Amino acid sequence: MSRRTTVLATGTVLLLVFGVLGALLPVPYIAQVPGPTYNTLGDIDGRPIITLTGREPNDTSGNLNLTTVGVPQGPLTLVGAVQGWFDDEVTVVPRESVYPSDQSVEETQEKNRQAFLTSEQAARSAALGELGYPEKVVVQDLTDGSPSTGQLQAGDAIEAVAGTATPDTNTLSGVLAGIAPGTAVPVSYIRDGVPGTATVTTGAAAEGGGSALGVLVLQTAYAPFDVSIEVDDVGGPSAGLMLTLGIIDLVGDTDLTGGAVVAGTGTIDGDGNVGAIGGIPLKMVSAREIGAELFLVPADNCAEAVQNAQPGLPMAKVATLDDALTALADLRAGTTPPSC
């Protein structure tokens with residue numbers, strides 16, 4: 001065998017070996033792809049994303065789709081990573097940035113789920129506040145062994161304790177600080193719009209003296225009906241804006257979309273401030289694929305969104321909930337919302 005033939009044969013074998021290794025060898029990266037979108041005015045497998053209990057939802061038209069990022073199952077190989085780097089609809093990122101090494105995958109997923117639940121609460125608060133519902137002290141949960149068990153429950157708005165009005169959490173704390181533990185006190189509340197009174201024998205406060213009702217409370221906008229949100233496969237806080245808009249559309253006086261398909265993303269807080277999120281290029285691909293007529297972009301994501309603009313997908317820059325509502329009003333009026 002000639003030297004040239006030997007070199008060619010060796011090179012071919014090496015290429016085959018590297019090819020096999022590249023196809024099998026996992027790398028410390030993951031691929032992210034455009035994920036599914038969910039219409040917050042609709043349902044998933046027959047279950048509404050937003051459910052109202054205690055009042056009928058409005059008839060709505062159009063879509064208000066939250067957008068997501070997908071992560072394919074299984075390890076990413078070297079070949080897959082290289083392919084992803086050259087694909088405009090795939091983002092390859094270090095695995096550590098999604099699944100920190102000090103957390104298991106299950107722990108990371110649970111953390112993301114808790115962030116979504118916090119986002120749900122912020123969406124309810126921002127939406128009901130925008131609609132003019134007043135702030136009240138609302139029970140979120142009962143502590144273990146709570147003295148309020150069987151008397152108060154999550155969703156109750158505490159109106160007064162021992163005859164003293166409690167319009168905010170500071171006042172509630174002050175009233176309880178002046179009550180000795182073990183005292184039976186009347187607690188006035190509103191439950192699903194109906195006033196009621198419970199008698200609670202107080203426990204001892206964990207610190208500072210005084211009494212405790214054994215409830216976790218939040219000062220938030222309160223309506224005489226319940227708003228529940230069900231999206232099992234979404235984690236993190238980035239659905240907040242679209243959930244807020246969905247609640248407003250189902251409860252308020254305006255058909256927000258006018259029949260259009262609108263998609264978007266962004267965190268939200270109880271005051272209606274819209275925050276930046278990750279994965280904006282992939283979420284824009286998802287929006288384009290469903291034929292969205294407008295994509296709501298958090299103001300702090302605008303530069304990245306412009307760099308990854310999708311053909312035929314108009315963008316609206318939103319820093320607040322009011323910005324998003326104005327953009328939707330512009331869309332209904334046939335005018336162009338402020339863009340990035």
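The values are calculated or read from the model by the stated rules, or taken from the named source; none is laboratory data. Since the model is a prediction, treat every value here as computed from it, not as a measurement. Glycine gets a Cβ as well: all are built from the backbone with ideal geometry, and neighbour counts include every protein chain shown. For accessibility, only protein heavy atoms count, side chains too; no ligands or nucleic acids. Shrake-Rupley method; radii C 1.70, N 1.55, O 1.52, S 1.80 Å.
For Rg and Dmax of the Cα atoms in Å, the value computed from the atomic coordinates appears in the list (1) 20.4, 66; (2) 26.0, 103; (3) 18.2, 56 under label (2).
Excluding Leu41 itself, calculate the net charge of residues whose Cβ lies under 13 Å from the Cβ of Leu41, where each Lys or Arg counts +1 and each Asp or Glu counts -1. Please list the in-between numbers first.
Details: positive: none; negative: Asp43, Asp59, Asp249, Asp255.
So the environment of Leu41 carries a net charge of -4.
State to the nearest 20 debye the size of the charge dipole of the chain about its Cα centre, where the only charges are +1 on K and R beta carbons and -1 on D and E beta carbons.
Working: 14 positive and 38 negative charges, 217 e Å.
Roughly 1040 debye for the chain.
Between Thr118, Thr67, Thr149, the GNM of the chain built on Cα springs shorter than 10 angstrom shows Thr149 fluctuating the most. Each Cα pair under 8 Å and six or more residues apart adds its sequence gap; the mean of these over the residue count of the chain is a relative contact order of 20 percent. Note on Ala309 and Gln109: with the Förster distance fixed at 22 Å, the Cβ-Cβ geometry gives a FRET efficiency of about 0.10.
What whole-number distance in Å separates the alpha-carbon centres of the stretch 209-280 and the stretch 288-330? Taking the Cα centre of the stretch 288-330 as reference, the centre of the stretch 209-280 is 18 Å away.
Once the 1.4 Å probe is applied to the protein heavy atoms, the chain comes out at 50 Å² accessible per residue. Each residue was assigned an accessible area with a 1.4 Å probe, and for Ser173 the value is about 80 Å². Scanning the chain for long hydrophobic helices, with DSSP H runs required to stretch 30 angstrom or more by C-alpha along their axis and to average at least 0.0 on the Kyte-Doolittle scale, returns 3-24.
For the stretch 163-235, the share of accessible area belonging to carbon and sulfur comes to 51 percent (1.4 Å probe, ligands and nucleic acids excluded). Gain on full extension, evaluated as 0.36 nm per residue between Thr51 and Ser173 minus their Cα-Cα distance, stands at 40.7 nm. The Cα center of the stretch 105-140 and the Cα center of the stretch 41-65 differ in position by 18 Å. Setting aside same-chain residues fewer than 8 positions from Lys136, which aspartates and glutamates have a Cα under 12 Å from its Cα? Lys136 reaches Asp156, Glu159, Asp168. Shown in residue order for the stretch 189-202 are the 3J(HN,Hα) couplings computed by the Karplus curve 6.51 cos²θ - 1.76 cosθ + 1.60 at θ = phi - 60°: 9, 10, 10, 6, x, 10, x, x, 9, 10, 10, 10, 8, 5 Hz (x for Gly and Pro). For Thr320, the residues 5 or more places off, or on other chains, whose built amide H falls under 5 Å of its own are Val274.
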